[in-house]
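These notes concern the structure reproduced below.
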Amino acid sequence: MTSLDIAHENRTPAPARKADARTRLVGLTRPQLAAALKDFGIPENQCRMRAGQIWNGIYHRGLTSFEGMTTLSKELRGKLNEAFDLSRLEIVTEQKSVDGTRKWLLRLPGEKPGVPGPEIETVYIPEEGRGTLCVSSQVGCTLTCSFCHTGTQKLVRNLTAGEIVGQIMIARDALGEWPDGGRNSEDRLITNIVLMGMGEPLYNFDNVRDALEVVSDGEGLSLSKRRITLSTSGVVPMIEKTGAEIGCMLAISLHAVNDETRNKLVPLNKKYPIKELLEACRNYPGVSNARRITFEYVMLKGVNDSLEDAKALVRLLKHIPAKINLIPFNPWPGSPYECSDWETIEKFADVVNRAGYASPVRTPRGRDIMAACGQLKSETVKQRASERIREARTEA
Ligand code: SAH
Ligand code: SF4
């Protein structure tokens, strides 16, 4: 196998799919699904039951049409098919890294007929005993973290709940993970979900919350909230609400131990400085030693990687149930930083390890297909990276 095994490549603009006026059901929560069925004309006393049957077909069996839902009469299946759409997002390309990482470039439905929709990326990372799916929450991002490739792309739009859930459906299809595909439900390939793809999930809160409600429902995709981690650059006013209304695990993109450096790396820090951010973490609903907050720290040569930084990091997190994830910086074309030397990372990790934090360095995965953290960027709105970085720096 070559280092880049492209399963199918379709980079020339594909014709947009025929506009589909049917209502999309994927991504509706159970009450929303029951309401859609009521509007469609299902008698009120049957809505919950029908919603349960359809839910099972979509999320337990992975069906993309009503045909296979034989608990519904043939006549009803035909009518539902005319009103509702269960189809998948369109796959533009699928790439496989030498290390088994897989990346899908997906096209969202366009706003107008004939105009192709924007693109997003989803990444699957298989590891010993677990498999993590890295999901996007927005096309582009409003924030301009200076080390992040997505930050060079302006926000195009928020993903709908269906588009967030849809990424998991695509990955399950590709991995053959639906029960009808013969897999034992204990033997799962996607065991964890991280909202660490494109976008800031807390700037698309309602859709992320609804999507995670669907994903964690025990009669469907059935991924426990403890196996779902939402990563934020630090939108302080939304952190409490995340714990209260979603209840997933939290990761914070910290990346620096003082406001001066963090202002440059994560410009949102100027609005919500480190002290306020850590205060929100201390108060995160459900936080405990068994449910720690992950602090992500990207290793940037000569910027945030000194031993003093490492010691300050440990001091800063002292009274918070925390895990620390050191992320070697993943370069992208035109990126203004370099990854710290391996030796520096090891010394930094030693300080962190001695303070009681285990295995903190996250090995970069899928670098050959630009699938590693912060390398994701769709081609929808191409803006020259250098231009955006200059803008971001001026703002910082
Ligand atoms: N917007 C959210 C989630 C998406 S980014 C956030 O910022 O947390 C997911 C993680 O990748 C974040 O910790 C982010 O800081 C990190 N990241 C971004 N660019 C990176 C790069 N080039 N190398 C390594 N990590 C990067
Ligand atoms: Fe947006 Fe996160 Fe990238 Fe910052 S690191 S630009 S918040 S996606």
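The values are calculated or read from the model by the stated rules, or taken from the named source; none is laboratory data. Quick caveat, the model's predicted, so the values are computed rather than measured. We place every Cβ from the backbone using ideal geometry, glycine too, and count neighbours over all the protein chains shown. Calculation scope for accessible area: heavy atoms of the full protein, side chains included, ligands and nucleic acids excluded. Shrake-Rupley method; radii C 1.70, N 1.55, O 1.52, S 1.80 Å.
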How much accessible area does Asp187 have with a 1.4 Å probe, in Å² rounded to the nearest 10? 80
Provide, for q = 0.21 Å⁻¹, the log10 of I(q)/I(0) from a solvent-free Debye sum over equal Cα point scatterers in segment 108-257. -1.40
With every protein chain in place, what's the accessible area of Glu67 (1.4 Å probe, Å², nearest 10)? 100
Helix 342-354 against the longest principal axis of the chain: what's the angle in degrees, Cα atoms only, rounded to the nearest 10? 90
For segment 89-143 versus segment 231-298, the gap between their alpha-carbon centres in whole angstrom: 25
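Suppose R0 equals 41 Å; then what is the FRET efficiency for Thr142 and Asn45 from their Cβ-Cβ distance, rounded to the nearest 0.05?
Numbers: r = 45 Å, r/R0 = 1.10.
About 0.35, to the nearest 0.05.
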On each of the three principal axes of the Cα atoms of the chain, give max minus min coordinate, whole Å, ordered largest first. 70, 46, 40
About the Cα centre of the chain, what is the dipole size in debye to 20, counting +1 per Lys and Arg Cβ and -1 per Asp and Glu Cβ, all else neutral? 440
Spin-label pair Glu346/Arg291, simplified geometry with 7 Å Cα→Cβ offset, distance in nm: 3.8
Can you pull the one-decimal nm distance between simple spin-label points at Asp85 and Lys154, each 7 Å off the Cα toward Cβ? 2.6
Take Glu276 and Asp187, extend 7 Å from each Cα along the Cα→Cβ direction, and tell me the distance between the two endpoints in nm. 5.1
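Send over a whole-number figure in Å² for the accessible area per residue of the chain, probe 1.4 Å.
Numbers: 17830 Å² over 396 residues.
On a per-residue basis, 45 Å².
Sorted by packing (mean other beta-carbon atoms within 10 Å per residue), highest first, where do 70-82, 230-242 land?
Values: 70-82: 13.2, 230-242: 20.2.
So the peptides 70-82, 230-242, ranked by packing, come out 230-242, 70-82.
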Once Lys and Arg get +1 and Asp and Glu get -1 on their Cβ, which of Gln153, Pro336, Gly41 lies farthest toward the positive end of the dipole of the chain? Gly41
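Computing the accessible area with a 1.4 Å probe over protein heavy atoms, can you report the carbon and sulfur percentage for the chain?
On the way: 8810 of 17830 Å².
Carbon and sulfur together cover 49 percent of it.
Assuming R0 = 22 Å, can you tell me the calculated FRET efficiency for the pair Val115 and Thr64, based on Cβ-Cβ distance, to the nearest 0.05? Intermediate values should be presented prior to the final figure.
Working: r = 24 Å, r/R0 = 1.08.
Calculated value: 0.40.
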Under 8 Å for C-alpha pairs, at least 6 residues apart: give me the relative contact order for segment 91-141, rounded to a whole percent. 26
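As a quick test, which of the pairs Lys318/Lys347; Lys103/Lys301; Lys154/Lys271; Lys275/Lys311; Lys154/Lys264; Lys323/Lys347 have an alpha carbon distance above 21 angstrom in this structure?
Working: Lys318/Lys347 19 Å; Lys103/Lys301 28 Å; Lys154/Lys271 19 Å; Lys275/Lys311 17 Å; Lys154/Lys264 18 Å; Lys323/Lys347 18 Å.
Exceeds cut-off: Lys103/Lys301.
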For Lys79, list the aspartates and glutamates whose Cα falls under 20 Å from its own Cα; do not include residues on the same chain fewer than 8 positions away. Asp20, Asp39, Glu44, Glu67
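Does segment 23-85 come out rounded, prolate or oblate by the C-alpha gyration tensor, with a ≥ b ≥ c the root eigenvalues, rounded set by a/c under 1.5 and, if not, prolate when a/b is larger than b/c and oblate if not? Write out the running numbers ahead of the final one.
Numbers: a/c = 1.35, a/b = 1.12, b/c = 1.21.
It comes out rounded by the Cα gyration axes.
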Report the relative contact order of segment 23-85, percent, no decimals, based on alpha-carbon pairs under 8 angstrom and at least 6 residues apart. 35
The chain - mean residue ellipticity at 222 nm from DSSP helices (-39,500 (n - 2.57) per run, n ≥ 4, rounded to 500): -8500 deg cm²/dmol
Output ordering of 189-195, 86-92 (per-residue mean of other Cβ within 10 Å, highest first) is 189-195, 86-92
So what is the relative contact order for the chain, in percent, with contacts set as C-alpha pairs under 8 Å and at least six apart? 17
At R0 = 45 Å, how high is the FRET efficiency between His319 and Ser222 if r is their beta carbon distance? Nearest 0.05 is fine. 0.80
